[in-house]
1. Mind giving me the FRET efficiency for GLN44 and ARG153? R0 is 30 Å, r the Cβ-Cβ distance, nearest 0.05 is fine.
2. Based on Cβ point charges of +1 for Lys and Arg and -1 for Asp and Glu, what charge dipole magnitude is obtained for segment 5-163 about its Cα centre, in debye rounded to the nearest 20?
3. Using only the Cα atoms, what convex hull volume per residue in Å³ does segment 1-91 have?
4. Would you tally the net charge around THR63, using a Cβ to Cβ cut-off of less than 13 Å, leaving THR63 out, and scoring K and R as +1, D and E as -1?
5. May I ask for the longest run of the chain untouched by GluC sites (Glu not before Pro) that are loop-located per DSSP and have at most 16 neighbouring C-beta atoms (other than their own) within 10 Å?
6. Within 10 Å of each candidate Cβ there may be at most 14 other Cβ atoms; applying that plus a DSSP loop requirement, which trypsin sites (Lys or Arg not before Pro) in segment 84-129 survive?
7. Just in segment 1-85: which trypsin sites (Lys or Arg not before Pro) are loop by DSSP and have at most 16 other Cβ atoms within 10 Å?
8. In the neighborhood of ILE4, defined by Cβ-to-Cβ distances under 9 Å, what is the net charge if each Lys or Arg adds +1 and each Asp or Glu adds -1?
Amino acid sequence: MERIRRIGVMGGTFDPIHHGHLVAASEVQAYFDLDEVIFVPTGQPWQKSDRKVSPAEDRYLMTVIATASNPRFSVSRVDIDRPGPTYTIDTLRDLSRLYPDAELFFITGADALAQILTWRDVDETFKLAQFVGCTRPGTEALELPLDQLPMDRITLLEVPALAISSTECRARVAKGNPTWYLVPDGIVQYIAKRELYTNR
Ligand code: ATP
Ligand code: MG
């Protein structure tokens, strides 16, 4: 009998994608024996309206470039092709329609998981996927409202300490500091080619 496909879903702004994202996805893939991890770049991110986010096509292409070499990684356009701000519930609804027989694992950083109750349709969200919260350095101790969360649907997983964030990568580019080895080589080159994050 064929086993149920297990699919990881890694949502993010990916502005730019960096090795922290890739290590987290790789760890979760191995830990849960996932058949595939689908990276899903957001549309206009509703929680980041405080800064200008790079065009969706640039974030999508960077995600494709960074994941191309891993046969278990792929990229979905569901969020960038859907008009309006991205809500996790819509991502999961679209993907469960595309993969009706699969079990979905939504991968998120601990910081994002902590905001979970601000999400839309929380109850349905937890029905559509299991949640994997990756802890990373620099993140303060998780203060999850445990009594309000379905803890049987959440796993916290410690991933190797990679103190990399997209914010730090953008700041480095703006200051002319290197991003080599924080992001894949192709991303360093893509950022330069498209003149991203130079504040011009
Ligand atoms: P920004 O600094 O702009 O917020 P970011 O580095 O947090 O960017 P996002 O695109 O916001 O990147 O993150 C996508 C997902 O990856 C989120 O769930 C986030 O918590 C997680 N994540 C980001 N950086 C890391 C890291 N170094 N290790 C593990 N998970 C990470
Ligand atoms: Mg973030």
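Just so you know, all these numbers are worked out from the coordinates, no wet-lab data involved. Here the structure is a predicted model, which is why all the values come from computation and not from measurement. Neighbour counts run over all protein chains shown; Cβ positions are idealised from the backbone, glycine included.
1. Approximately 0.60, to the nearest 0.05.
2. 360 debye
3. Each residue corresponds to 106 Å³ of Cα convex hull volume.
4. So the environment of THR63 carries a net charge of -2.
5. With a cap of 16 other Cβ atoms within 10 Å, the longest stretch comes to 3-139.
6. Here the trypsin sites (Lys or Arg not before Pro) that fit, given the DSSP loop and packing criteria, are ARG120.
7. Qualifying residues, ordered by number: ARG3, ARG5, ARG51, LYS52, ARG72, ARG77.
8. 0
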